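Quick notes on the structure that follows.
The values are calculated or read from the model by the stated rules, or taken from the named source; none is laboratory data. Fair warning: this is a prediction, and the values are worked out from it, not measured in the lab. Surface areas here come from the heavy atoms of the whole protein model, side chains and all, with no ligands, DNA or RNA. Shrake-Rupley method; radii C 1.70, N 1.55, O 1.52, S 1.80 Å.
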Amino acid sequence: MIFSMKRRVDPGKRAAGRSAVEMVEDGMVVGLGTGSTVFFAMERLAERIEGGLSITGIPTSYQAENRARTLGIPLATLQDHPSPDIAIDGADLVDSHKRLIKGRGGALTREKCVAHAAERLVIVVDQGKCAQKLAGVVPIEVLPFAVLPVLRCIEDLGAQPVLREGSVRDGPVITDNGNFILDCTFPAIKDPEKLEIILDATPGVISSGLFTRFTGKTVVIVGKADGSGAFNL
Ligand code: 5RP
């Protein structure tokens, strides 16, 4: 193993992640999101594969790929399977309409590609991620070439952008796609759909962490804080 699988076990995340795997059927192509909650889904998938389930995973990041390989989950790419049957992913915030903020882990662009391509999107969260309205920090992946013009555009929208810096390296975090992340604090997000369109249409923005367009095919599974089970939002 060339990377750490160490993590704190959060019972709510574990319950949500494991519960999502009930929706996976034999022969499916499954998008594999990034982060600690999806990892529990991957562990459960690996158990079911051990028991005879046959699936193919499409990882959304190097982290997802490394973890899935270690767990023995067969992998392919969106080039092999452009329309996965289902994608399982985490989120940083979910509102009552199943609109999401994602990207704390910096994998938002590939996650958005897989969410868009998949027939169904299953979001796994603990109870602390549920809110009435979206607000706070929206991560945005930006082409390094255009980071300052993009930063100004975001300020013009009333937000405070901060270039994400590494904790174990000096300088900006570089995404799996070779780009920067701006963490943008919005005091309020009155119209998340409109904001996503504006952000994603800004030259230099690769994609924003607002996911408002998938609500029709999204199931949100919320793990109970004590780990005793999960329910659909
Ligand atoms: C990564 C993401 C993650 O899905 C999100 O940050 C949730 O992570 P976790 O399950 O570790 O709380 O969007 O880009």
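At a glance:
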quantity: Solvent accessible area, Å² - SER228, 1.4 Å probe, full protein context; calculated: 80
quantity: Bridge type composition, the chain - antiparallel percent by DSSP, nearest 5; calculated: 55
quantity: Portion, in percent, of the accessible area of the stretch 139-233 that falls on carbon or sulfur, probe 1.4 Å; calculated: 57
quantity: Nearest-10 value in Å² for the accessible area of ASP226, using the 1.4 Å probe; calculated: 110
quantity: Cα-based shape type of the stretch 97-148, given that a ≥ b ≥ c are square roots of the gyration tensor eigenvalues and the cut on a/c is 1.5; calculated: oblate
quantity: Solvent accessible area, Å² - LYS194, 1.4 Å probe, full protein context; calculated: 120
quantity: Crossing angle, helix 36-50 versus the chain [Cα axis fit, 0-90 degrees, rounded to tens]; calculated: 30
quantity: ILE49, ILE123, reordered so the largest accessible area comes first (probe 1.4 Å); calculated: ILE49, ILE123
quantity: Degrees between helix 147-156 axis and first principal axis of the chain (Cα, 0 to 90, nearest 10); calculated: 80
quantity: Rounded accessible area per residue of the chain, 1.4 Å, Å²; calculated: 48
quantity: In the chain, lysine pairs closer than 18 Å at Cα, eight or more apart or cross-chain; calculated: 22
quantity: Shape box of the chain [Cα atoms, principal axes, largest first, Å]; calculated: 54, 37, 33
